[in-house]
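**Q** So that we are looking at the same thing, I have put the structure below in structure tokens.
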Amino acid sequence: MATMTEQLSGELRELLDRQAITEALYTYCRAVDRVDRELGYSIWNEGAQVDYGEAIFVGPARGVIDYICDSHLKGIAHSHQIANVIIKFDGDRALSEAYVNSAMRMVHDGELLQVNTRGRYLDRWSRKGGRWGIDRRVFVNDFDEVRRAVPGSIPPRLTLDRSDLSYALFDGEL
């Protein structure tokens, strides 16, 4: 029977692991929104595979980061959010489901369009060298829509690279 200290230590370890996985999911969103390939590569374990569906991408994780970043450079702006993260642990392995909301603005045939996607990331994780990384991802598209958009009155301040103000903030320059 585990002592109170051993039980607390195990619960604390799981809490820290849960936070590390959640932070990696957030990092993925930042990477694709800022078109930061190296940051995007950082959340996967070596040899990781993805299945975003035949219409999007099936193959190596590094390939999906390249595909997404290339496609995002064709847009004007995009924003990804993660929610409803559920994680189940089994030692140095974990499973997670995370809801993703994605919005992208683009111009097509002279029209400003908004693409909204709602889906889920179903991920298999493992801890290697003390770091959690994704071994396998399946993206489930729950629904999406494309509609004409009218820009609002506040101009966007984002950039699709490391000149975004968020990098200056974390580099201590803002």
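**Q** If the requirement is being in contact (Cβ under 8 Å) with a residue 12 or more places away in the chain, surrounded by fewer than 15 Cβ atoms within 10 Å (Cβ to Cβ) and closer than 20 Å to SER126 by Cβ, which of these qualifies: GLY59, GLY47, GLY53?
**A** On the way: GLY59 fails: in contact (Cβ under 8 Å) with a residue 12 or more places away in the chain; GLY53 fails: closer than 20 Å to SER126 by Cβ.
Answer to the selection: GLY47.
**Q** Further, regarding this structure: Out of contact with any strand residue (DSSP E or B) (no Cβ under 7 Å at 6 or more places or on another chain), among the acidic types (Asp, Glu), part of a loop (DSSP other than H, G, I, E, B) and at pLDDT 95 or above - does that describe any residue in the range 31-45? Before you say what the answer is, go through the steps one by one.
**A** To start, the set of residues in the range 31-45 that are out of contact with any strand residue (DSSP E or B) (no Cβ under 7 Å at 6 or more places or on another chain) comprises 31, 34-42.
Those still in the list that are among the acidic types (Asp, Glu) too: 36, 38.
From the residues that got through so far, the ones that are part of a loop (DSSP other than H, G, I, E, B) too are 36.
Subsequent filtering for residues that are at pLDDT 95 or above retains 36.
Yes: the range 31-45 contains one or more residues that are out of contact with any strand residue (DSSP E or B) (no Cβ under 7 Å at 6 or more places or on another chain), among the acidic types (Asp, Glu), part of a loop (DSSP other than H, G, I, E, B) and at pLDDT 95 or above.
**Q** Using the structure shown, decide if SER79 is in contact with a helix residue (DSSP H, G or I) (Cβ under 8 Å, 6 or more places away or on another chain), closer than 25 Å to ASP144 by Cβ and surrounded by 12 or more Cβ atoms within 10 Å (Cβ to Cβ). Walk me through how you get there before you give the answer.
**A** Details: in contact with a helix residue (DSSP H, G or I) (Cβ under 8 Å, 6 or more places away or on another chain): yes; closer than 25 Å to ASP144 by Cβ: yes; surrounded by 12 or more Cβ atoms within 10 Å (Cβ to Cβ): yes.
Yes; evaluated as a whole, the condition is true for this residue.
**Q** Looking only at the range 1-30, how many residues end up being modelled with pLDDT of 95 or more and either polar (S, T, N, Q) or surrounded by 15 or more Cβ atoms within 10 Å (Cβ to Cβ) (or both)?
**A** Final tally of qualifying residues: 13.
**Q** Residue under question is ASP70, and the condition is that it be more than 21 Å from GLY53 (Cβ to Cβ), surrounded by fewer than 12 Cβ atoms within 10 Å (Cβ to Cβ) and out of contact with any Asp or Glu (no Cβ under 6 Å at 6 or more places or on another chain); does it hold? Show your work before the answer.
**A** Working: more than 21 Å from GLY53 (Cβ to Cβ): no; surrounded by fewer than 12 Cβ atoms within 10 Å (Cβ to Cβ): yes; out of contact with any Asp or Glu (no Cβ under 6 Å at 6 or more places or on another chain): yes.
Answer is no for this residue.
**Q** On to the next question. Can you find even one residue in the range 51-65 that is part of a helix (DSSP H, G or I) and more than 22 Å from LYS128 (Cβ to Cβ)?
**A** If we filter the range 51-65 for residues that are part of a helix (DSSP H, G or I), which is where we start, we get 61-65.
Among the residues that remain, those that are also more than 22 Å from LYS128 (Cβ to Cβ) are: none.
Within the range 51-65, not a single residue is part of a helix (DSSP H, G or I) and more than 22 Å from LYS128 (Cβ to Cβ).
**Q** Among the residues of the range 136-144, are any within 24 Å of ASP70 (Cα to Cα), among the aromatic types (Phe, Trp, Tyr), touching a residue at least 12 places away in the same chain (Cβ under 8 Å) and surrounded by fewer than 12 Cβ atoms within 10 Å (Cβ to Cβ)? Spell out the reasoning first.
**A** To start, the set of residues in the range 136-144 that are within 24 Å of ASP70 (Cα to Cα) comprises 136-144.
Adding the requirement that they be among the aromatic types (Phe, Trp, Tyr) leaves 139, 143.
Next, only the ones that are touching a residue at least 12 places away in the same chain (Cβ under 8 Å) stay: 139, 143.
Remaining after also requiring surrounded by fewer than 12 Cβ atoms within 10 Å (Cβ to Cβ): 143.
Yes, there is a match, as at least one residue in the range 136-144 is within 24 Å of ASP70 (Cα to Cα), among the aromatic types (Phe, Trp, Tyr), touching a residue at least 12 places away in the same chain (Cβ under 8 Å) and surrounded by fewer than 12 Cβ atoms within 10 Å (Cβ to Cβ).
**Q** Step by step: first the residues of the range 86-105, then only those that are of a type outside the set (Ser, Thr, Tyr) and touching a His at 6+ places or on another chain (Cβ under 9 Å), then the one that is farthest from GLY47 (Cα to Cα). Which residue is that? Don't jump to the end; show me each part of the working.
**A** As a first pass, look at the range 86-105 and keep what is of a type outside the set (Ser, Thr, Tyr): 86-95, 97-98, 100-101, 103-105.
Filter again for touching a His at 6+ places or on another chain (Cβ under 9 Å), leaving 100-101, 103-105.
On the way: VAL100: 23, ASN101: 26, ALA103: 29, MET104: 29, ARG105: 32 Å.
Top of the filtered list is ARG105.
**Q** May I ask you to list the residues in the range 87-103 that are surrounded by 13 or more Cβ atoms within 10 Å (Cβ to Cβ) and either modelled with pLDDT under 95 or of a type in the set (D, E, K, R) (or both)?
**A** Pass one, the range 87-103, residues surrounded by 13 or more Cβ atoms within 10 Å (Cβ to Cβ): 87, 89, 93-103.
Correct list: ARG93, GLU97.
The values are calculated or read from the model by the stated rules, or taken from the named source; none is laboratory data. As the structure is a computational prediction, the values presented were derived from the model and not from experiment. Every residue, glycine as well, gets a Cβ built from its backbone with ideal geometry; the counts of neighbours run over all protein chains shown.
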